[in-house]
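Notes to accompany the following structure.
The values are calculated or read from the model by the stated rules, or taken from the named source; none is laboratory data. Quick caveat, the model's predicted, so the values are computed rather than measured. Here the Cβ positions follow ideal geometry from the backbone for every residue, glycine too, while neighbour counts run over all protein chains shown. Accessible surface is based on the protein model in full, side chains and every heavy atom, while ligands, DNA and RNA are left aside. Shrake-Rupley method; radii C 1.70, N 1.55, O 1.52, S 1.80 Å.
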Amino acid sequence: MKATAIAPANIAFIKYWGKKNRELRLPLNDSISMNLSACLTTTTVDFSKKYKKDEVILLLDSGQVLRSRGSQDRGARMTKYENKENQRVIRHLNLIRKIGKINLLAKVVSTNSFPKSAGIASSASGFAALTVAGCAAAGLRLTEKELTILARLGSGSACRSVPDGFVEWKYGEDSNNSYAYSLYPDNYWDLRDTIVLVSDKAKKTSSNEGMENIWTSPLMEKRLKEIPGRLKKIKLALKEKNFSLLGTTCEEDCFSMHKVANTQKPPIFYWTDKTEKIIEQVKSWRRNGLEVYFTIDAGPNVHLLCESKNEAKVISAVKQFDSKLKYIINKPTQGARIINDS
Ligand code: 2P0
């Protein structure tokens, strides 16, 4: 009862910012994203009689190991966890155990190929990998749609990391109708998302907390009214491979989400001065004929979107702006999948 899965993070072209049901993580709007080839989480779940406690181990790039044991006795629901994140992981294991009707405790070992909590959706890749590995380890054979629903209960955006390539998450009226599916496979359009790492420090306000106060922003209603039009534009841009339509619509939605965050009470500012300087650069690169657009998640890092033919030019422009900046180049990629190497 052991399985390993790998799952990508994803970048949202139309963003998820606001829940209509907090417990079920039902979003207020549909969202569309692309899976990121170089931002991967690999997770092994092992259910076994030999474990007396659930144990969650996160292996960090630096060689550091974050280890947390839930003091949960087999079958008992009493828990005392060392931190919130592991609590979420163990809650998710409980869901999988309930569906799989199993009563075994587990060891979960997970590693990311990118900095944790830097606004690169580590919860998306994390909960997608945990869902797929956990279900396989529990002997559950769920459909892709069912896996996306289960992943969503762990972290909303995780459902978009399950299907391949370019993915839409339907908001859904209830839990069974809030699922994700692939609009196009990863080899459909050779785009690049170069993430410029403005900071790899953990963000101050998690997306989960940030979304709590959306209705205190006077701009939230306007955002929700505009989203259907932007979803149409993104779908058309994907269908026709119209990159300028894709890029301009991504930027519109990015500004819209961040304006809501900035005007919430209390306000949240995910951008830094460096983030804004890079946005100015993108505009100037575009004025000079380089077709590159940006989008930004709940963090300071800037995602530079371009077609593959412009990848080298974009990298060279970034280096010219600041040779010390670190970046991660992503292509579209498959969704979460089981791998044999544990
Ligand atoms: C997105 N974000 O669509 C948006 C853009 C952040 C900014 O989905 O509370 O970590 O776990 O459901 O999935 C991040 O939200 O939130 C996110 P929870 P999650 O990518």
Tell me, please, whether a residue that is away from the ligand (no atom under 14 Å from the Cβ), open to solvent by 60 Å² or more (accessible area, probe 1.4 Å), modelled with pLDDT of 95 or more and part of a strand (DSSP E or B) can be found in the range 96-118.
-> yes
Count of residues meeting criterion [open to solvent by 10 Å² or more (accessible area, probe 1.4 Å) and small (Gly, Ala, Ser)] in the range 218-250 = 2
In the range 18-59, the residues that are touching a Leu at 6+ places or on another chain (Cβ under 8 Å) and assigned to a loop (DSSP other than H, G, I, E, B) | 18, 24, 25, 28, 29, 30, 49, 51, 52, 53, 54
Scan of the range 229-272 for residues that are within 18 Å of residue 205 (Cβ to Cβ) and charged (D, E, K, R), ordered by number = 259, 265
Taking residue 15 as the residue in question, decide whether it is within 16 Å of the ligand (Cβ to nearest atom) and either modelled with pLDDT of 85 or more or under 30 Å from residue 255 (Cβ atoms) (or both).
-> yes
Filtered residue count, the range 302-342, keeping only those that are of a type in the set (Val, Ile, Thr), in a loop (DSSP other than H, G, I, E, B) and more than 30 Å from residue 136 (Cβ to Cβ) = 0
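Quick check on residue 255: is it among the aromatic types (Phe, Trp, Tyr), in a helix (DSSP H, G or I) and open to solvent by 50 Å² or more (accessible area, probe 1.4 Å)?
Values: among the aromatic types (Phe, Trp, Tyr): yes; in a helix (DSSP H, G or I): yes; open to solvent by 50 Å² or more (accessible area, probe 1.4 Å): yes.
Yes.
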